[in-house]
Amino acid sequence: MTAHSHSPANSRRGSRGFRRAAAATTAFATAALTFLLAPAGQAADAGAGAALPLGDADLVETRSAENLAPGVTLTRIVRGTEPAPADQINTTTRGPWVVNVLTIDPSATDGHLEATYGPDLAGVERTTELVDRAGALAGVNASFFTFTASEQYPGDPVGLGLFDGELLSEPTGDPAEADFVVDARSGRVLMGRLDWSGAVRNRQTDATLPLEYLNHPPVVPEACAELADQTQCAQPGDVVRFTPEFADATPSGPGVEVVLDGRGCVVRAETARGTELAEGQTSLQATGREAASLLRVAGRGCVRVTTALFDEDGDRLPTGEGLFGVNGRYRLVADGEIVVPDGSGSFFGRNPRTIAGTTEGGKIVLATIDGRMTTSVGTTMDETAAVAQALGMRDAVNLDGGGSTAMSVEGALVNRPSGTGERAVGDALVLVERPYRP
């Protein structure tokens, strides 16, 4: 369910100050962002409860469970026995549905959950490759990402990207975004829609310029597209911070770029964008009328670049080593209640789905639902929320799905992705079989 298909997150473009994900959805109020670690033993394991609320009540449902490691269980659920007619995949009440559920008990496992991406943030790799690269036991695909909206930078996250305490991609501000954040040290999870702020301040003059994006190619105003010198542009543009994690080189094109060393002091300022960053360096790019502002604020001397995350109450969220976060679209369950909004269009129809959530007892649940096939028809957003609730999730978010939906265990796929094969994705949530180490 990446940008090319039925995602409401098509790209990070739009008016100044935050990224917009292109949305064919209605805004809704999400539940307050809270930590979701409750005393153990208050809920049954996910995957071990009542029959899934999918299709007709008389459908046969089978479940098989495997202990992958202490505190880690994989459950496979098949509901329905007969393949669906190809022309009834979106309407049948007979299924079938194939659901894989990975349940992690932080109190019983020596491992930890974290988010990971490939060689760089802007590239893509298959979930199986990301699991293998991380030396992990298992994992699922995670964030929405630009995919076909950016041929050069297809893995660019459309929303939150927090990796070991480093904010590498900012929340979009879209009401549909629902973020999943995990503390790898404790196994505690929080869910909700995060906000952020960023700024560049000259240490000598105190002149300040707001940041609009992190690690995302800036847009050149259409009225100034043919203007070689962006400092002469009167239209609003973008101000973006780039880190070495983004790609081999920063995006090229009209605008200005200021390269900073590890202390935040200017190494060079250029009147065109695109450069390779040496170890320890970062850069600031600007387009439109912000090009002149960036040179004025950060064209010489030393600057301080600050970013901060905030919860839905406006309180600052402390970040540090061991904190990982990915973006999703729509909260499915909050405090045990289904909260997914009404909607129409392909995004809300039956599709493969990836879910991340927690039980009342503090267990972490990662689930995939195969779809768009006669052997597993997929779920609507309403059905997805009902499945999450039935699996014992007290809180859950909808991660990227569609052709991206994948679960890997011990280097092999355990689900069946739709399409011609496993899709390369931007990032993944992976379970590493050892305690977190900075």
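The values are calculated or read from the model by the stated rules, or taken from the named source; none is laboratory data. Nothing here was measured: the structure is a model prediction, and the numbers come from that model. With ideal geometry, Cβ positions are generated from the backbone for all residues, glycine too; neighbour counts draw on all protein chains shown.
Assorted remarks:
- Members of region 170-208 that are more than 23 Å from residue 361 (Cα to Cα) and part of a strand (DSSP E or B): 177, 195, 196, 197, 198, 199, 200, 201, 202, 208
- Qualifying residue in region 158-169 (condition: modelled with pLDDT of 95 or more, part of a loop (DSSP other than H, G, I, E, B), on the phi < 0 side of the Ramachandran plot and aromatic (Phe, Trp, Tyr)): no
- Taken together, 229, 315 contain a single residue that is modelled with pLDDT under 95, farther than 22 Å from residue 121 by Cβ, of a type outside the set (Gly, Ala, Ser) and not assigned by TED's automatic domain parsing to the domain that holds residue 202, which is 315.
- Filtered residues of region 140-157 (kept if at pLDDT 95 or above and farther than 23 Å from residue 199 by Cβ): 140, 141, 142, 143, 144, 145, 153, 154, 155
- Of the strands (runs of 3 or more DSSP E) that lie entirely inside region 229-328, those containing 3 or more residues that are out of contact with any helix residue (DSSP H, G or I) (no Cβ under 7 Å at 6 or more places or on another chain) and closer than 30 Å to residue 357 by Cα span 303-310.
- From the list 77, 104, the one residue that fits, being within 30 Å of residue 377 (Cβ to Cβ), of a type outside the set (S, T, N, Q) and within 24 Å of the chain's Cα centre (by Cα), is 104.
- Residues that are touching a residue at least 60 places away in the same chain (Cβ under 8 Å), assigned to a loop (DSSP other than H, G, I, E, B) and surrounded by 14 or more Cβ atoms within 10 Å (Cβ to Cβ), drawn from region 329-350: 330, 339, 341, 343, 349, 350
- Checking 76, 63 one by one, the residue that is within 18 Å of residue 388 (Cβ to Cβ), touching a residue at least 60 places away in the same chain (Cβ under 8 Å) and of a type in the set (D, E, K, R) is 76 and no other.
- Subset of region 402-438 that is free of Cβ contacts under 8 Å to residues at least 12 places away in the same chain and more than 30 Å from residue 320 (Cβ to Cβ) - its residue that is farthest from the chain's Cα centre (by Cα): 420
- Residues located in region 233-263, provided they are touching a residue at least 24 places away in the same chain (Cβ under 8 Å) and polar (S, T, N, Q): 235, 243, 250
- Some residue of region 150-158 being touching a residue at least 40 places away in the same chain (Cβ under 8 Å), of a type in the set (Ser, Thr, Tyr) and surrounded by 20 or more Cβ atoms within 10 Å (Cβ to Cβ): yes
- Enumerated strands (runs of 3 or more DSSP E) restricted to region 351-418, each holding at least 3 residues that are within 26 Å of residue 93 (Cβ to Cβ): 353-359, 364-369, 393-399
- Among residues of region 96-108 that are within 18 Å of residue 62 (Cα to Cα), those with a Cβ under 9 angstrom from a residue that is among the β-branched types (Val, Ile, Thr) and in a loop (DSSP other than H, G, I, E, B), sequence gap 6+ or separate chain, pair up as 96/81; 96/374; 96/375; 96/377; 97/377; 98/375; 100/414; 102/414.
- Residue match in region 98-106 (condition: of a type in the set (D, E, K, R) and either touching a Phe, Trp or Tyr at 6+ places or on another chain (Cβ under 9 Å) or in a strand (DSSP E or B) (or both)): no
- Annotation: of all residues in region 297-355 being touching a Gly at 6+ places or on another chain (Cβ under 9 Å) and among the basic types (Lys, Arg), the one that is farthest from residue 396 (Cα to Cα) is 304.
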